[in-house]
Amino acid sequence: MIESEQTTNVSTSEIDQTIGRMEHLYRAMTGRDMPAAGRESAGIPAEKDPAEHVERQLNRLLKALGDLSFAAPGTAWIPPMCVWESADEILVSLDLPGVPRDSVQVLAQGNVLTITGQRLAEPRGDFELRSCEQATGPFRRTLLVPNGTRTAEPVAEMKQGVLEIRIQKEVSRTATAKTVRVN
């Protein structure tokens, strides 16, 4: 019986550590503590089945993580992005079909590049939109330029629905925000 209690104590300790790691993951991903509503203590009450308790705790944590949205508030879609890097330059490419050039903004601040804009469902004469599988609405992408590089002012160009941003690498000491013109 003593061996059984020791096994239960070790298992409980490991379970508590796992739940603590999951809560830590939630804090790391969101920057805040787990929501207080429905939160139970990490310890397993003696009257509860340990497996059921752990399952409830993990389901609670996974649901909280699943409810997260990593897009900025109000963001309707996230355009696909590719980033290439050479010794002298960084090239960022975003697929933005149907997005007018004048609705795209590129902001460079230090090593952070933020691209925002909006794609609207275009009216089709007398037709009324009934269904649309194309992503529409505002979008926002933020990119941290690779560590160890300081960058010059980016050059942005839109061609056939693809936004390309070229950033020449250079040493710079300014971290002021600059709006980049999209050509």
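Throughout, read-outs are computed from the coordinates displayed, never taken from laboratory work. Keep in mind that this is a model prediction, so the values were computed, not measured. Every residue, glycine as well, gets a Cβ built from its backbone with ideal geometry; the counts of neighbours run over all protein chains shown.
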**Complete:** When Phe127, Phe139 are arranged by how many other beta-carbons sit within 10 Å of their Cβ, fewest first, they go Phe127, Phe139
**Asked** What trypsin sites (Lys or Arg not before Pro) in region 86-130 are in a loop by DSSP, with at most 14 other Cβ atoms within 10 Å of the Cβ?
**Response** Arg130
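Taking other Cβ within 10 Å of each residue's Cβ, how do Lys169, Lys159 sort, fewest first?
By the 10 Å Cβ count, ascending, the order reads Lys159, Lys169.
Taking other Cβ within 10 Å of each residue's Cβ, how do Ser13, Ser103 sort, fewest first?
Ser13, Ser103
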**Point-to-point label distance, Leu107-Trp84, nm (Cα→Cβ direction, 7 Å offset)** = 2.9
**Item:** Dipole-positive endmost among Leu96, Ile115, Cys132 within region 81-180 (Cβ charges, Cα centre)
**Value:** Ile115
**Asked** How much FRET efficiency would the formula 1/(1 + (r/R0)^6) give for Trp77 and Glu55, where r is the Cβ-Cβ distance and R0 is 45 Å, rounded to 0.05?
**Response** 0.85
